[in-house]
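Accompanying notes for the structure given below.
Laboratory data are not the source of any read-out in this text; all were calculated from the coordinates shown. What you are looking at is a predicted structure, and each value in this text was computed from that prediction instead of being measured. Positions of Cβ are generated from backbone atoms using ideal geometry, with glycine treated the same way; all protein chains shown enter the neighbour counts.
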Amino acid sequence: MHSRNYAWTIGVVLAVGVVLGIGVSDPSAQMSDPRIGTWKLNVEKSKYSPGPAPQSVMVKVEPAGQGEKTTTDFVNADGTRTTTEYTANFDGKNSPLTGSQFGADMVSLKRINARTTERTDKKGDKVVQVLTRVVSQDGKMMTVTTKGTNAQAQAVNNVGVFEKQ
């Protein structure tokens with residue numbers, strides 16, 4: 001009798017812990033996401049292959065659902081301006097992407113760990129580029145490594161260094 005009550009009590013405690021853990025951890029993870037905020041590209045510290053590097057890039061990341069809303073404003077090497085935007089969850093599912101210079105129209109996000117996320121840009125079902133975004137331990141720098149293919153079908157291997165504003 002005691003062992004059955006003990007097992008039942010343990011089961012209830014575990015079930016309550018799981019329910020509370022899910023309910024409490026998701027919002028706090030979103031609130032403490034180190035990517036939330038505005039980021040400015042440090043062009044001098046960044047590397048663009050094949051290039052040329054943009055004149056400037058500003059990235060605004062806002063919390064949205066179980067993911068983020070991101071708006072990126074570019075001043076390209078030739079002085080033209082472009083803006084990309086998306087709102088997506090960290091669930092690996094495709095969401096609309098607008099303004100991509102690489103021709104992508106969909107984006108999916110995955111959280112690797114507390115400071116690292118992966119963004120995959122696609123045109124239809126074809127992967128155009130993958131961006132691995134890592135925020136420094138102190139939260140002041142973000143390194144974005146981009147691998148893929150540009151609109152001219154050239155291999156892209158960029159490393160952007162961003163500073164939190």
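Brief remarks follow.
- 20 Å cut-off, amide nitrogen to a point 7 angstrom out along Lys123 Cα→Cβ, residues in region 44-59: 49-52
- In this rough spin-label picture, where each label sits 7 Å from Cα along the Cβ direction, the Lys147-Ile36 distance is 3.1 nm.
- Cα→Cβ-extended label distance, 7 Å offset, between Gln66 and Val130, nm: 2.2
- Stretchable slack from Gln137 to Asp73, in nm (0.36 nm times residue separation minus alpha-carbon distance): 20.5 nm
- Fully extending the segment from Tyr48 to Asp91, taken as 0.36 nm per residue of separation minus the present Cα-Cα distance, adds 12.6 nm.
- Summing Lys and Arg as +1 and Asp and Glu as -1 over all other residues whose Cβ lies under 13 Å from the Cβ of Gly160 gives a net charge of +4.
- Residue pairs, from the table Lys47/Lys164; Lys40/Lys123; Lys69/Lys122; Lys69/Lys140; Lys69/Lys93; Lys93/Lys123, whose Cα atoms sit over 25 Å apart: Lys40/Lys123
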